[in-house]
Amino acid sequence: MAKLIKGNTYNIQGVKGETYNDCKLTFGTYQITAVDGQYFQIVFEENGSELNEVWWDSEGFKFKKIK
């Protein structure tokens, strides 16, 4: 499980061997807006998106801290 910190920016990528066909999160760089255990929220779109409210499971992704 990744140790994510609210306010930090991470490059979020898929885990090798996992299938992401039904995942609406496109991989890339995002700021973490909330963390609750292994779950996190991100700024998906600055101007608002229903995906900004989605809680994502960190076990399904790998993270590289950007800032």
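The values are calculated or read from the model by the stated rules, or taken from the named source; none is laboratory data. Quantities reported herein were computed from a predicted structural model and do not represent experimental measurements. Note that we place each Cβ from the backbone using ideal geometry, even for glycine, and neighbour counts take in every protein chain shown.
Which residues, counting only those in segment 1-33, are assigned to a strand (DSSP E or B), surrounded by 12 or more Cβ atoms within 10 Å (Cβ to Cβ) and not β-branched (Val, Ile, Thr)?
Result: Tyr10, Asn11, Gln13, Gly14, Tyr30, Gln31.
With (1) surrounded by 13 or more Cβ atoms within 10 Å (Cβ to Cβ); (2) without any contact (Cβ under 8 Å) to a residue 24 or more places away in the chain as the list, and Asp36 as the residue in question, which single condition is left unmet?
Condition not satisfied by Asp36: (1).
So, in segment 37-64, of the ones that are among the β-branched types (Val, Ile, Thr) and in a loop (DSSP other than H, G, I, E, B), which residue ends up farthest from Thr19 (Cα to Cα)?
Val43
Which residues, counting only those in segment 25-67, are over 8 Å from the mean Cα position of the chain (by Cα), among the polar types (S, T, N, Q) and over 11 Å from Tyr10 (Cβ atoms)?
Thr26, Thr33, Gln38, Asn47, Ser49, Asn52 - these are the residues of segment 25-67 that are over 8 Å from the mean Cα position of the chain (by Cα), among the polar types (S, T, N, Q) and over 11 Å from Tyr10 (Cβ atoms).
If you go through segment 3-20 one residue at a time, do you hit one that is out of contact with any strand residue (DSSP E or B) (no Cβ under 9 Å at 6 or more places or on another chain) and of a type in the set (Val, Ile, Thr)?
For segment 3-20, residues out of contact with any strand residue (DSSP E or B) (no Cβ under 9 Å at 6 or more places or on another chain) and of a type in the set (Val, Ile, Thr): present.
How many of the residues making up segment 40-56 are at pLDDT 85 or above and either β-branched (Val, Ile, Thr) or touching a strand residue (DSSP E or B) at 6+ places or on another chain (Cβ under 6 Å) (or both)?
Within segment 40-56, residues that are at pLDDT 85 or above and either β-branched (Val, Ile, Thr) or touching a strand residue (DSSP E or B) at 6+ places or on another chain (Cβ under 6 Å) (or both) number 6.
Considering only segment 39-67, state which residues are of a type in the set (Ser, Thr, Tyr) and surrounded by fewer than 16 Cβ atoms within 10 Å (Cβ to Cβ).
If the condition is that a residue be of a type in the set (Ser, Thr, Tyr) and surrounded by fewer than 16 Cβ atoms within 10 Å (Cβ to Cβ), then Tyr39, Ser49 are the ones that fit.
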